[in-house]
1. Helix-derived [θ] at 222 nm for the chain: sum -39500 (n - 2.57) over DSSP H runs of at least 4, divide by residue count, nearest 500?
2. What size of dipole, in debye to the nearest 20, comes out for the chain about its Cα centre when the only charges are +1 on Lys and Arg C-beta atoms and -1 on Asp and Glu C-beta atoms?
3. With all protein chains present and a 1.4 Å probe, how do Lys188, Lys211, Lys83 order by accessible area, largest first?
4. Whole-Hz ³J(HN,Hα) for each residue in region 228-245, computed from phi via Karplus 6.51 cos²θ - 1.76 cosθ + 1.60 with θ = phi - 60°, x for glycine and proline: what do you get?
5. What order, most packed first, do the peptides 246-256, 7-17 have when packing is the mean number of other Cβ atoms within 10 Å of each residue?
6. At a Förster distance of 35 Å, what's the computed FRET efficiency of Asp103 paired with Val52, Cβ-Cβ distance as r, to 0.05?
7. Where the only charges are on Cβ atoms (+1 Lys, Arg; -1 Asp, Glu), what is the dipole of region 1-48 about its Cα centre, to the nearest 20 debye?
8. Counting alpha carbon pairs within less than 8 Å and at least 6 residues apart, what relative contact order, in whole percent, applies to the chain?
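The values are calculated or read from the model by the stated rules, or taken from the named source; none is laboratory data. Computed from a predicted structure; not experimentally measured. Using ideal geometry, Cβ is built from the backbone for each residue, glycine included, and neighbour counts are taken over all protein chains shown. Only protein heavy atoms, including side chains, enter the accessible area calculation; ligands, DNA and RNA are left aside. Shrake-Rupley method; radii C 1.70, N 1.55, O 1.52, S 1.80 Å.
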Amino acid sequence: MKLVRYQKNGKVFHGVLEGDKICVLEGDIFGEFWIGRPVARREEVVLLAPIVPPNIICIGLNYKKHAEESGKGFPSKPVIFLKATTSLIGPEDDIILPDEAPDEVDYEAELVIVIGKKAKNLEIDEVSDYILGYTCGNDVSARDCQIRFDQQWARGKSFDTFCPLGPWIETELSDPSHCRIRSRLNGKIMQDSNTADLIFGVKELVSYCSKNFTLLPGTVIMTGTPGGVGFARKPPIFLKRGDSIEIEIEGIGILGNKVV
Ligand code: MG
């Protein structure tokens, strides 16, 4: 099932995308739910970020090639940081280059786990019951703030519009540990990897995070990005006004945003 959040006639709803139709989501997205009647065609609504997360938990340096290109060794435990929830945008929104740091804004394609039930102290074999589904994310990052200006990552990762999520939550992703993941900048492939290369996999991450925080329903965990990001290229490539950046994950879909 593809769970969407959408706006129609000024109101916001959760729904289910079936082909090119948006159907009502009956019941509770964090409990039992089922597909209701069709209410609109896809192009008649505005798709929003598929969930409004109470926390955006991110994992750094979780693909070997990205850990290498970042000049850090492989972490012995997941590297956790947070993005401000105010950085959230949806698949039809623009990434805005911030006035404070417009020059080194970078993309990061990420598989995103969406938590469906309140979770604390989960063991790895309990994790599946707590996952609502998966979506695509772009961990947009101002590298100058992240790497040179600040002592830690909060600001560089959290400017408004720096967390595009979507276009929907796929609840039936058959194997999140074997999905091709790519980013395309103006149509050119920049990252092309597979979640099989994750250092810490989905179940390990959810279990580890749940032993450190309470995971509330709707919490998202961004699982890290593969090699090929802009700052590590020679010469570096950063997002500029007018660019289009797409994140595609096999079995989920394509999240595309323009840069303004
Ligand atoms: Mg990241």
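1. Value at 222 nm, helices only, nearest 500: -2000 deg cm²/dmol.
2. Roughly 260 debye, rounded to the nearest 20.
3. Descending order: Lys188, Lys211, Lys83.
4. x, 5, x, 5, 8, 7, 10, x, x, 10, 10, 5, 10, 3, x, 5, 10, 10
5. My ranking of the peptides, most packed first, is 246-256, 7-17.
6. 0.70
7. That gives region 1-48 a dipole magnitude of about 180 debye.
8. 26 percent
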